[in-house]
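Q: Quick one: this structure, given as structure tokens, is what I'll be asking you about.
The values are calculated or read from the model by the stated rules, or taken from the named source; none is laboratory data. Not measured: the values here are computed from a predicted model. So basically every Cβ, Gly included, is an ideal-geometry build from the backbone, and we count neighbours across all protein chains shown. Accessible surface is based on the protein model in full, side chains and every heavy atom, while ligands, DNA and RNA are left aside. Shrake-Rupley method; radii C 1.70, N 1.55, O 1.52, S 1.80 Å.
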Amino acid sequence: MTNNKQHTGLWAFLRDGVHEILHGGRCYWMWVSFLLVFMVIGILVYLYQVTHGLLVTNMSNQVSWGFYIANFTFLVGVAAAAIMLAIPAYIFDRKDIKDVVLMGDTMAVTAVAMAILFVVVDLGRPDRIWHLLPGIGKFHFPESMLAWDVVVLNGYILLNLGISSYILYQHYHGREPKKSLYFPIVLITIFWAISIHTVTAFLFSSNSGRPIWNNAMLAPRFIASAFASGPAIMALGLQIIRGMTNYPVSQSVINHLAIVTSIALQVTLFFIGAEIFTEFYNEGEHASNARYLFFGLHGHTALTPWIWTAISLLVIAMVIFMIHRTRKNPFFMNIAFVLTVVGIWVEKGMGLVIPGFVPTPIGEIYEYAPNITEIMITLGIWAFGLLFFTIMAKAALPIQCNYIKKNSDPPQPDACAAFNGDQQDNRSI
């Protein structure tokens with residue numbers, strides 16, 4: 001009888017979640033349709049790439065990692081930064097952050113899913129990915145850093161999905177989740193989050209023939225930049241959710257993320273400065289990649305304006321965050337969040353991946369810029385990520401709102417009443 005009740009409860013949980021996803025107002029369906037258009041275009045262009053090979057991109061034997069891996073690197077950092085909400089919510093039991101931590105977990109799952117898709121589209125023969133599957137192919141674990149990356153990324157998705165699903169399921173039934181069940185998994189997830197970006201950094205730094213990557217500073221720099229860009233994206237996302245719904249996102253949560261971003265930005269810029277000093281104080285041939293990036297090499301300066309623009313954006317954002325009055329001002333604070341996201345994307349994406357290949361170990365200079373094929377596939381993956389997050393939030397927010405309303409003191413009004421674009425009753429609440 002107990003098992004039947006559990007199956008019935010699970011079925012109702014899934015049914016009502018699907019109901020929420022399939023019912024919404026005009027704005028919701030316009031947004032979904034907009035994203036679906038870009039997804040379809042991205043899929044069609046990707047099929048063209050699969051048919052003709054990576055020759056249709058601007059990548060080559062000289063620059064074998066490009067726009068796709070740049071996005072992959074950035075998104076892994078965004079996923080890792082979810083612990084900036086998990087730690088105060090679960091470790092220090094901050095009620096305001098605990099109310100929104102599931103949205104942070106959802107962003108983390110979305111970011112990892114997108115990161116994996118960028119790896120898939122970067123493969124010339126995606127049909128051979130089965131070689132990485134344990135027991136079927138040759139996994140080469142623990143020798144291969146790529147095998148480590150497969151383990152940590154997929155493990156991180158499973159951990160976040162498991163915690164979020166359990167907590168949301170308990171909230172759906174109006175029950176408080178058992179801390180003894182989920183807290184040990186939370187601790188594992190926190191350490192796992194650090195590991196996913198550390199392993200990503202090791203994928204780069206283990207390449208001894210790429211001097212700009214081959215340094216011990218890369219992993220700490222990855223973590224610092226992740227804790228800047230990730231909280232910035234979460235802060236922007238939570239404010240959009242608050243504006244589109246009545247979901248109770250406290251301003252104290254946004255202020256917390258602003259402080260985290262501010263500190264991480266200072267550390268990131270310090271690490272960048274330390275690397276610039278190390279590369280150029282006693283410059284040798286090994287510094288040619290860094291010289292190409294920061295100052296140009298033999299007249300080739302494609303990335304130079306990008307990297308200095310990115311650093312300038314990060315400095316401006318840091319100054320805004322460091323001044324109490326501007327950090328507290330919503331307008332300037334959100335400008336700083338946007339500057340942080342853009343600056344880190346350029347610095348840790350194109351500004352890190354491409355200089356590892358230019359010049360080549362034998363001195364060739366092959367400048368790279370993504371072409372329309374890479375851009376359209378990238379937009380398709382980003383559209384998928386936004387759609388994935390949208391439908392996950394669409395199903396979860398009514399449950400969370402109702403749970404928060406019932407357990408608040410004093411009781412809150414009907415949170416999320418406007419989520420569907422009208423004032424209709426939500427059956428899943």
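Q: If the requirement is being closer than 23 Å to residue 221 by Cβ and of a type in the set (Val, Ile, Thr), which of these qualifies: 83, 91, 129?
A: 83
Q: In addition: Within the set of pairs 6 or more residues apart or between chains, which connect a residue that is more than 12 Å from residue 121 (Cβ to Cβ) inside region 50-61 to a residue that is among the acidic types (Asp, Glu) with Cβ atoms less than 7 Å apart?
A: Here the result reads 58/374, each pair linking region 50-61 to a residue that is among the acidic types (Asp, Glu).
Q: Tell me yes or no: at least one residue of region 60-67 is among the hydroxyl-bearing types (Ser, Thr, Tyr), open to solvent by 50 Å² or more (accessible area, probe 1.4 Å) and at pLDDT below 95.
A: Yes, because at least one residue in region 60-67 is among the hydroxyl-bearing types (Ser, Thr, Tyr), open to solvent by 50 Å² or more (accessible area, probe 1.4 Å) and at pLDDT below 95.
Q: Which residue out of 81, 70 is closer than 23 Å to residue 357 by Cα and touching a Phe, Trp or Tyr at 6+ places or on another chain (Cβ under 9 Å)?
A: 70
Q: Still on this model: Working only within region 1-51, note down all residues that are at pLDDT below 85 and either in contact with a Pro (Cβ under 6 Å, 6 or more places away or on another chain) or acidic (Asp, Glu) (or both).
A: 16
Q: Could you please find all residues in region 176-211 being polar (S, T, N, Q) and in a helix (DSSP H, G or I)?
A: Residues satisfying the conditions are 180, 189, 195, 198, 200, 205.
Q: Please verify whether residue 36 is open to solvent by 50 Å² or more (accessible area, probe 1.4 Å), farther than 26 Å from residue 197 by Cα, without any contact (Cβ under 8 Å) to a residue 24 or more places away in the chain and not aromatic (Phe, Trp, Tyr), treating the condition exactly as stated.
A: Judged against the criteria, residue 36 is not a match.
For (1) among the hydrophobic types (A, V, I, L, M, F, W, C); (2) free of Cβ contacts under 8 Å to residues at least 60 places away in the same chain; (3) in contact with a Lys or Arg (Cβ under 9 Å, 6 or more places away or on another chain), each residue gets a yes or a no:
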position: 149; (1), (2), (3): no, yes, no
position: 153; (1), (2), (3): yes, no, no
position: 157; (1), (2), (3): yes, yes, no
position: 164; (1), (2), (3): no, no, no
position: 170; (1), (2), (3): no, yes, yes
position: 175; (1), (2), (3): no, yes, no
position: 181; (1), (2), (3): yes, yes, no
position: 195; (1), (2), (3): no, yes, no
position: 201; (1), (2), (3): yes, yes, yes
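Q: Restricted to region 96-149, and to residues that are assigned to a loop (DSSP other than H, G, I, E, B) and touching a helix residue (DSSP H, G or I) at 6+ places or on another chain (Cβ under 6 Å), which residue is least open to solvent (accessible area, probe 1.4 Å)?
A: Of everything passing the filter in region 96-149, 100 is least open to solvent (accessible area, probe 1.4 Å).
Q: If you check 136, 157, 116, 163, which single one turns out to be of a type in the set (Val, Ile, Thr) and at pLDDT below 85?
A: Matching residue, one of 136, 157, 116, 163: 136.
Q: Let me ask something additional. Pick out the one residue from 377, 381, 311 that is in contact (Cβ under 8 Å) with a residue 12 or more places away in the chain, assigned to a helix (DSSP H, G or I), among the aliphatic types (A, V, I, L, M) and farther than 30 Å from residue 48 by Cα.
A: 311
Q: Please list, ordered by first then second residue, the pairs with beta carbon atoms under 6 Å, 6 or more apart or interchain, first in region 388-417 and farther than 30 Å from residue 38 by Cβ, second open to solvent by less than 20 Å² (accessible area, probe 1.4 Å) and modelled with pLDDT under 70.
A: Short answer, once both residue conditions are applied: 405/415.
Q: Next up: Just for helices (runs of 4 or more DSSP H) wholly inside region 212-302: which have at least 3 residues that are open to solvent by less than 30 Å² (accessible area, probe 1.4 Å) and more than 25 Å from residue 202 (Cβ to Cβ)?
A: Hits in region 212-302: 218-244, 251-281.
Results for (1) open to solvent by 40 Å² or more (accessible area, probe 1.4 Å); (2) assigned to a helix (DSSP H, G or I); (3) free of Cβ contacts under 8 Å to residues at least 24 places away in the same chain; (4) not small (Gly, Ala, Ser), shown as yes or no for each residue.
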position: 306; (1), (2), (3), (4): yes, yes, no, yes
position: 315; (1), (2), (3), (4): yes, yes, no, yes
position: 326; (1), (2), (3), (4): no, yes, yes, yes
position: 338; (1), (2), (3), (4): yes, yes, no, yes
position: 344; (1), (2), (3), (4): no, yes, no, yes
position: 353; (1), (2), (3), (4): no, yes, no, yes
